[in-house]
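Let me begin by presenting the structure, written as structure tokens, before commenting on it.
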Amino acid sequence: MSATELAPGAGELPQEASAIGARAPLVLAADQNDRRPAHGTAPARQPGRFVPFLLVPAIDGLALATSAVVTGLGWFGALYAPIVLLALAADGQHRARLCLRVSDQVPRLAAAAAWPLILLLPWWPVEGAVAAALLTAGMLVTFRGGGYLALRAAHRHGRLQEQALILGSGPLALEIAHLLGEHPELGVRPRGFLDHRPPGRDPLPSLGRLEELDAVVAGYGISRIIVCSPAASESELTSLLRACRPLPADVCVVPRLHELGMALPRGCLDEVWGVPLVPLRHHAHTRAGTRVRRAFDLVVAALLSVVGVPLLAVLTAAVRISSGRGVFFRQERVTRGGRTMSVVKLRTVVRDAQQGWVVPQQQCTRLGGRLRALHFDELPQLLNVVRGDMSLVGPRPERPYFALRFAREIPRYSDRHRTPGGMTGWAQVHGLHGDTSIRQRARFDNQYIEYWSLWLDAVIVARTLATVLVGSGWSRCLSRGGPR
């Protein structure tokens, strides 16, 4: 489905758009992302979830400190330990696991211990660096092995247990519940099943239906969700899990055809007594992630303003000379949680032109067509970024009428409203702008949200700048520009 197929007639702005309040949040499926547990405040943090999570980095830190003393790294040791800890955290090696088996993690522990020592090669002989890497890796493996033994012993005695919820009620869900009960050393206590249908047998209670997931997680203090082929469509289950990602629970999935080998390193998987589990990424836009992203926006916006502000001044004067007054105009756009905001753009169309979803070329001024081809008409949105209304990178925000229409007609379109809108996005750097498929844009936007990282934002900004500076926009600009 392309933009043309969804757009209203040329020169026609639907009356539904005017019925939406300027600042009122829209009723979109994405509003589920801002839901809070129905049982009031969230339960207190469980030792079974947070003690292992904090214990593993502490053990690694102790191993690194011991290695630094033994190898005599000196001043470099003070830098080396934090670098290795950050490398392990970035690689997911501090994730809370069910299967505490250090042998699966040896290659990644060794790699994290080795590569920072490359920095020492100008001052150390190769033999010394290799010996230090081997000793550090050995310390990490030994200390982790001892820590895992202590944790398994605590689990067997009923201490530091996580509360788990099993999504599903079929044979696989029953098997997982049985295995968790037989192996307390995994540190997980299953509380019950959640599915559209009750389990065939009743080893554990049925805690409700799938749509009650957030309330059950909050009410029972669930810290781990295990997905075992529940009686729900893939689309329904995806939307449900996305809506509940902000909840304080780790989510792992028993993959289909799990008896076959996974094309993933064993260190990235988890397991319940021989049944593999694929952990889902944590909700990327946590409070800490939001702060880091905000800092990134401000720093990059400040750097772009060095060139952008003088350029905007020149463009403002050019638009004023060519089109008269009314250089800027505002539009309402939908951002995170279905809320609306006002974005500022340079005027590129003839005065009083009514815009559909795609602006016809005949409505663009001569200068406006060129500005739109180069995306320079969106430079004033740097002000929206500085104010915090939107981010540099994110799904491109849409006008309220079209956001409502796309949400009705395109599955999971509203899931893209889980994060603030952006000046550029993952879909845009793949050429999905203008009269292109809305379904594909939504797919790329949701993929960006699921795999968000600061590095991905930096890549998107770099690709956007490359497109603006040397991309196809210049050829359209030189041929009078075109609609976007």
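The values are calculated or read from the model by the stated rules, or taken from the named source; none is laboratory data. On a predicted model such as this, the values are computed, not experimentally measured, just so you know. So basically every Cβ, Gly included, is an ideal-geometry build from the backbone, and we count neighbours across all protein chains shown.
Scanning region 455-484 for residues that are closer than 17 Å to L304 by Cβ and modelled with pLDDT of 85 or more yields D457, A458, V459, I460, V461, A462, R463, T464, L465, A466.
Considering only residues that are among the charged types (D, E, K, R) and either outside any loop (DSSP other than H, G, I, E, B) or in contact (Cβ under 8 Å) with a residue 40 or more places away in the chain (or both), which ones fall in region 171-202?
Matches in region 171-202: E175, E182, E185, R189, R191.
Do the conditions hold for E127, that is, is it of a type in the set (D, E), surrounded by fewer than 16 Cβ atoms within 10 Å (Cβ to Cβ) and either in contact (Cβ under 8 Å) with a residue 60 or more places away in the chain or under 24 Å from F53 (Cβ atoms) (or both)? Break it down into steps so the answer makes sense when it comes.
Working: of a type in the set (D, E): yes; surrounded by fewer than 16 Cβ atoms within 10 Å (Cβ to Cβ): yes; either in contact (Cβ under 8 Å) with a residue 60 or more places away in the chain or under 24 Å from F53 (Cβ atoms) (or both): no.
Here the answer is no, as E127 does not meet what is asked.
Okay, residues lined up against (1) surrounded by fewer than 12 Cβ atoms within 10 Å (Cβ to Cβ); (2) at pLDDT below 65:
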{"site": "D31", "(1), (2)": "no, yes"}
{"site": "R36", "(1), (2)": "no, yes"}
{"site": "H39", "(1), (2)": "no, yes"}
{"site": "R45", "(1), (2)": "no, yes"}
{"site": "L55", "(1), (2)": "no, no"}
{"site": "L64", "(1), (2)": "no, no"}
{"site": "G74", "(1), (2)": "yes, no"}
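Counting the residues of region 203-220 that are over 16 Å from G170 (Cβ atoms) and in a helix (DSSP H, G or I) gives 9. Only a single criterion out of (1) touching a strand residue (DSSP E or B) at 6+ places or on another chain (Cβ under 8 Å); (2) in a helix (DSSP H, G or I); (3) within 20 Å of T290 (Cβ to Cβ); (4) of a type in the set (D, E, K, R) is not satisfied by R396, namely (2).
Taken over region 427-461, the criterion of being in contact with a strand residue (DSSP E or B) (Cβ under 8 Å, 6 or more places away or on another chain) and not in a helix (DSSP H, G or I) is satisfied by D435, T436, S437. Only one of A215, A232, A249 is under 29 Å from T419 (Cβ atoms), in the same structural domain as I166 (by TED's automatic domain parsing) and modelled with pLDDT of 85 or more; which? Among A215, A232, A249, only A215 is under 29 Å from T419 (Cβ atoms), in the same structural domain as I166 (by TED's automatic domain parsing) and modelled with pLDDT of 85 or more. Scan region 366-421 for residues that are at pLDDT 90 or above and touching a Cys at 6+ places or on another chain (Cβ under 8 Å) and the total you get is 0. Screening region 100-123 for residues that are buried (at least 17 other Cβ atoms within 10 Å of the Cβ) and closer than 14 Å to G72 by Cβ and picking the one that is modelled with the lowest pLDDT gives L120.
For residues that are among the basic types (K, R) and either in contact with a Ser or Thr (Cβ under 8 Å, 6 or more places away or on another chain) or assigned by TED's automatic domain parsing to the domain that holds S235 (or both), tally how many sit in region 400-442. Write out each step before concluding.
Restricting attention to region 400-442, the residues satisfying the condition of being among the basic types (K, R) are 405, 408, 412, 416, 418, 439, 441.
Within this subset, residues satisfying the condition of being either in contact with a Ser or Thr (Cβ under 8 Å, 6 or more places away or on another chain) or assigned by TED's automatic domain parsing to the domain that holds S235 (or both) are 412.
Residues flagged as among the basic types (K, R) and either in contact with a Ser or Thr (Cβ under 8 Å, 6 or more places away or on another chain) or assigned by TED's automatic domain parsing to the domain that holds S235 (or both) within region 400-442 amount to 1.
The C-beta contact set for region 56-73 (first residue of a type in the set (A, V, I, L, M, F, W, C), second residue surrounded by fewer than 20 Cβ atoms within 10 Å (Cβ to Cβ) and outside any helix (DSSP H, G or I), distance under 9 angstrom, 6+ apart or interchain) comprises V56/H94; V56/R95; A68/G74.
Looking across region 135-160, the residues that are of a type in the set (A, V, I, L, M), touching a residue at least 40 places away in the same chain (Cβ under 8 Å) and in a helix (DSSP H, G or I) come down to L135, M139, L140, L151.
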